[in-house]
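Presented below is the structure to which this report refers.
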Amino acid sequence: MSVQTEGTDTAGEPAVRKARMPAPPRGEAGASRSAAGRAAAAPYLLLLPALAATLVLLGWPLVKNGMLSFQNLNPRQLIQHLTEWNGFHNYQQVLTGSDFWKVVERSVFFTAANVVLIMVIGTLIGLLLARLGKKMRLTLLVGLVLAWAMPVIAATTVYQWLFAQRFGVVNWILDKLGWHSMADYNWMGSQFSTFSVIVLLIVWQSVPFVAINLYAATTTIPKELYEAASLDGAGAWQSFTSVTLPFLRPFLYSTTFLEVIWVFKAFAQVFAMNEGGPDRLTETLPIYAYVEGVGNQHFGVGAAISFLTILVLLVITSYYLRMVLKQEEDEL
């Protein structure tokens with residue numbers, strides 16, 4: 001009588017039969033791969049409208065401006081529909097002139113003064129908002145939002161009226177306080193006084209954004225960290241440097257980056273206040289590009305100046321951009 005035995009492996013133990021899962025049909029596998037491909041492409045498809053709008057509204061004007069910067073474009077060329085390419089002559093004319101570098105230096109100092117004041121005052125008000133009660137916080141927030149929402153030209157007109165030479169409120173108040181020499185003071189008569197009014201206007205318009213942004217950042221800080229710091233004997237300043245400041249640092253970096261861009265390209269406030277006067281001493285790079293391009297009808301030179309303005313802004317913001325990117329890498 002023959003007996004059938006199970007197969008054994010080389011060690012003499014019974015062999016283990018491995019169960020195999022049935023392979024999915026080819027149609028289902030293809031469908032799963034296509035679904036995964038659509039899911040991976042969905043974020044890029046959602047970005048297409050924004051990318052198309054950016055290319056149309058920003059990309060094409062930038063390309064057109066770059067093309068104009070290499071042309072000799074004056075009223076004669078516009079009337080006769082002529083295209084005269086002159087290579088780098090416009091850039092050479094701008095870069096070899098002394099006016100451009102004076103305006104660059106003035107623009108950098110103007111931006112630095114505004115950003116420092118905006119960030120210091122805005123940060124203090126943002127921290128104050130976190131300390132106030134609900135009613136006082138709401139009142140201050142309403143005032144900040146109203147100042148922030150006021151149109152630029154309307155705010156500039158109000159400041160022109162406040163600092164008017166004959167009927168200005170500021171001169172009237174200073175005269176009543178005993179400074180009688182300020183009764184008819186011309187705030188637009190010198191470079192320093194004109195810049196003082198413009199800086200005050202820009203700071204007043206920009207502080208609400210920084211304050212509200214920083215206040216929103218303080219609401220993300222866990223209260224347990226302050227309790228732990230107080231248990232360790234930390235005072236108010238130590239709690240700020242060890243708890244508050246580390247959480248606010250990313251917001252400070254990003255807000256400073258935005259304010260540098262916003263202040264550097266400020267045009268309406270400076271031009272509407274005194275059109276870059278007196279004697280073109282308050283012209284910043286955007287005003288300088290407009291005056292040389294549109295005012296003097298040297299459109300090719302104006303395009304070259306505007307393109308150089310973009311490059312200067314990129315150089316200024318590159319340091320802050322590196323810090324922001326490094327902060328994001330550390331968080332990851």
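The values are calculated or read from the model by the stated rules, or taken from the named source; none is laboratory data. Owing to the predicted nature of the structure, the values given are computational and were not obtained by experimental measurement. Because the Cβ atoms are built from the backbone with ideal geometry, glycine has one as well, and the counts that use them run over all protein chains shown. Each accessible area value is taken on the protein alone, full model and side chains, heavy atoms only, with ligands, DNA and RNA left out. Shrake-Rupley method; radii C 1.70, N 1.55, O 1.52, S 1.80 Å.
Overview of results
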item	result
Of residues in region 144-157 being open to solvent by 40 Å² or more (accessible area, probe 1.4 Å) and not hydrophobic (A, V, I, L, M, F, W, C), the one farthest from LEU201 (Cα to Cα)	PRO151
Pair list, Cβ under 6 Å, 6 or more apart: region 172-192 residue closer than 13 Å to LEU162 by Cβ, other residue part of a loop (DSSP other than H, G, I, E, B)	TRP187/PHE163
Matching residues, region 78-98, being of a type in the set (S, T, N, Q), within 16 Å of GLU292 (Cβ to Cβ) and free of Cβ contacts under 8 Å to residues at least 12 places away in the same chain	GLN92, THR96, SER98
Entirely in region 215-271, the helices (runs of 4 or more DSSP H) that have 2 or more residues that are in contact (Cβ under 8 Å) with a residue 40 or more places away in the chain and over 21 Å from LEU144 (Cβ atoms)	245-264
Conditions (1) open to solvent by less than 60 Å² (accessible area, probe 1.4 Å); (2) under 29 Å from the mean Cα position of the chain (by Cα): number failed by GLN160	(1)
Within region 178-196, considering residues that are outside any helix (DSSP H, G or I) and among the aliphatic types (A, V, I, L, M), the one surrounded by the fewest Cβ atoms within 10 Å (Cβ to Cβ)	ALA183
